[in-house]
Amino acid sequence: MADKERWWSRLAEERFWLESTDREDLGVDLRAPLHDEAGRDNWRYTLFLEARVGDVVFHYDKRAAAITSASRIAAPAVPAPIVWAARGSYARTRGAEPSELAGYRLALSDHHQLSAPLTLETLRRDREQLQAIYDAMVPHSVSKYFPFELSSRPVRPLQGYAFKLPSAFVETFLPLWDDEENPQRSARFVEQQAKQVDTAPEVLRLETGRELTDRRWTKATTHARTFAVQLRHAEIQRRLKSELLAEGCIDVLLEPMIGSRMIDVVAIHDDAMWFYEVKTNCSDRACLRDAIGQLLEYALWPGATRPERLVVVGEPPLTANGKAYLATLNAAFPVPIGYRQLLLS
C-alpha cells in the first residue's frame, strides 16, 4: 500500500490517524492482519502501515463512543501474527470466528488521555462542520479513508480499524490534544517535543508547489472557527496567485517546501524571488506580528534560499503605524519586508 499516492502524500501537516477499537489496552500498539480472511488487502486493516514514526494516532474507544486519548508512532511496523475476527453485521451473519492471520504491529509511545474526550454525540451535534471538513478534503474521485459515516443516518463510526484523520478535523475538534497543561500528558512526551530538531535542508524546493484544490472557502456556521480560518487562508492564497500572475509574474507557487516547512506563496518577479506569508488576523499589527518571524526564518536561517523580498499578506489595510514599523525594520534587515492587502469580499 505504501507506494500508492494518497491525498495526504505531499502534505506535511497531515500526520494524524485514528484507531477505532474496543480493546482495553489503548496506547500500547497498533496491530491488525495484513489481509482479510479471503486473503485480500483491506485498507481498513493495513492503512497504518503508511504511518511514519512520530505521527499521531488518536484512539476512538467504542466502549465510550468517544475519542479519548492520543499516542505517537514509536517505531516502524514489524511482522506479528494476530488472532483476529472480522466485525460488522456481515461478519456476524456468516458467523465469523477468530483465527490466526499474518499481521503487523506498530509500537506506540507517549499515550495520554485527552483533557476532554471528543464524543460521538458532539460530532453528531456538529454534523454541518464535520461535513464541511469532509467535502473540503480532496476531490470526490479520491478515497478519503475518513472514519465517520455521513449519510441520512446520524453520524457514526465506519466499520473498520484503521483510518486517516485530516488535520482540519484535529484543528477544529481537537485543538488542545497536545496541550502541555493537560495533566494526563507524560513528561516524556513533553521532553521529546522540546528535543525535536529539524534536520531537513533549508533549500527551497520549487517543484513541491501545488494547487489548492482541496480547501475551498465556505462559511462555517458552528462555534468551531478554526476550520473557517483555514479555508479563508487558502482562498487568499489562490486569489493572490491570480493577482500576481495578472501583474506579470513569471511563475507563482503555492506552498512549496523549504526544509520541512511550506511557504504560503513564492512568486518569480523577472529574475527575483519573493516570499509571501498570508495571515487572517483582524489588524495589520497582528498580521505583521505573526508573519514576520516566519518570513525571516525562511529567508535568513543558515543554508536557506535567500529571496529578494518578503511580503506579509492580510485583509486589513496597512496603517500609518504599520508603515512606520516596517520602515524601522527595513533599516536594519538585509531583506526588505512589505505588506500587501488582499480583501475577501
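Take the conditions touching a residue at least 60 places away in the same chain (Cβ under 8 Å), in a strand (DSSP E or B) and on the phi < 0 side of the Ramachandran plot and apply them to Tyr339. Does it pass?
Values: touching a residue at least 60 places away in the same chain (Cβ under 8 Å): no; in a strand (DSSP E or B): yes; on the phi < 0 side of the Ramachandran plot: yes.
Criteria not met by Tyr339.
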Residues located in segment 2-40, provided they are within 23 Å of the chain's Cα centre (by Cα) and more than 29 Å from Ala65 (Cβ to Cβ) = Ala2, Asp3, Lys4, Glu5, Ser9, Arg10, Leu11, Ala12
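Conditions (1) surrounded by 20 or more Cβ atoms within 10 Å (Cβ to Cβ); (2) of a type in the set (Gly, Ala, Ser); (3) at pLDDT below 85; (4) not in a loop (DSSP other than H, G, I, E, B), marked per residue:
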{"residue": "Asn182", "(1), (2), (3), (4)": "no, no, yes, no"}
{"residue": "Thr199", "(1), (2), (3), (4)": "no, no, yes, no"}
{"residue": "Lys219", "(1), (2), (3), (4)": "no, no, yes, no"}
{"residue": "Val229", "(1), (2), (3), (4)": "no, no, yes, yes"}
{"residue": "Ile236", "(1), (2), (3), (4)": "yes, no, no, yes"}
{"residue": "Arg239", "(1), (2), (3), (4)": "no, no, no, yes"}
{"residue": "Gly248", "(1), (2), (3), (4)": "no, yes, no, no"}
{"residue": "Ala267", "(1), (2), (3), (4)": "yes, yes, no, yes"}
{"residue": "Glu277", "(1), (2), (3), (4)": "yes, no, no, yes"}
Within segment 293-321, work out how many residues are surrounded by fewer than 17 Cβ atoms within 10 Å (Cβ to Cβ) and in contact (Cβ under 8 Å) with a residue 60 or more places away in the chain.
-> 3
Taking segment 166-175, which residues are over 8 Å from the mean Cα position of the chain (by Cα) and surrounded by 22 or more Cβ atoms within 10 Å (Cβ to Cβ)?
-> Phe169, Thr172
For residues that are modelled with pLDDT under 80 and over 19 Å from Arg40 (Cα atoms), scanning just segment 96-138, find the one that is surrounded by the most Cβ atoms within 10 Å (Cβ to Cβ).
-> Met137
Find the strands (runs of 3 or more DSSP E) located wholly in segment 19-82 whose residues include 3 or more that are without any contact (Cβ under 8 Å) to a residue 60 or more places away in the chain and not assigned by TED's automatic domain parsing to the domain that holds Leu120, and list them.
-> none
Filter segment 277-311 down to residues that are aliphatic (A, V, I, L, M) and within 23 Å of the chain's Cα centre (by Cα), then give me how many there are.
-> 4
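The values are calculated or read from the model by the stated rules, or taken from the named source; none is laboratory data. All values reported here derive from a predicted model rather than from experimental measurement. Quick reminder, even Gly has a Cβ in these numbers, built from the backbone with ideal geometry, and neighbours come from all protein chains shown.
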